[in-house]
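Notes follow the structure.
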Amino acid sequence: MGRTMKAAHLHVISALGRGAAIETMHQSLKSLRRGGKFVNVGAVSEARAINMKWLMDEQTQVIGSNWFTPAQGRDLAAMAGSGVLDLPVLQHHRFPLANVNEPISGLKDRNGGFGNYVVMP
């Protein structure tokens, strides 16, 4: 994972959208200086190998995001149930229980990274 530019950033937040090139994310990771932190909150789903020795040698951290804690998820569900939270931006996809694996395999085809996948019992 050689450097193509002078590494200058202590922190990088990657918020690239679905369909963005993995190379763009990789270049931003390489822009970290020693001891830097890379936080991914985007929707890039393409796979890319990362040189783990480089991460160790540079004392670099790669951090993901789970968007919210379980308690915050319960709060969001309560807000949606009360009508306070407006959710029309989500595209609803309903699947019968017999087809439970379909929504999982379809996650890569999300529109803009957001969707509501409901398994109906």
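The values are calculated or read from the model by the stated rules, or taken from the named source; none is laboratory data. These numbers come from a predicted model, not from an experiment. All Cβ positions, glycine included, derive from the backbone under ideal geometry; neighbour counts span all protein chains shown.
Here is a yes/no grid of residues against (1) outside any strand (DSSP E or B); (2) hydrophobic (A, V, I, L, M, F, W, C); (3) modelled with pLDDT of 90 or more:
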residue	(1), (2), (3)
Ala7	yes, yes, no
Met25	yes, yes, yes
Gly36	no, no, yes
Gln59	yes, no, yes
Trp67	yes, yes, no
Leu87	yes, yes, no
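For (1) assigned by TED's automatic domain parsing to the domain that holds Met120; (2) surrounded by 14 or more Cβ atoms within 10 Å (Cβ to Cβ); (3) aromatic (Phe, Trp, Tyr), each residue gets a yes or a no:
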residue	(1), (2), (3)
Gly35	no, no, no
Gly42	no, yes, no
Ala47	no, no, no
Lys53	no, no, no
Gly73	no, no, no
Leu97	yes, no, no
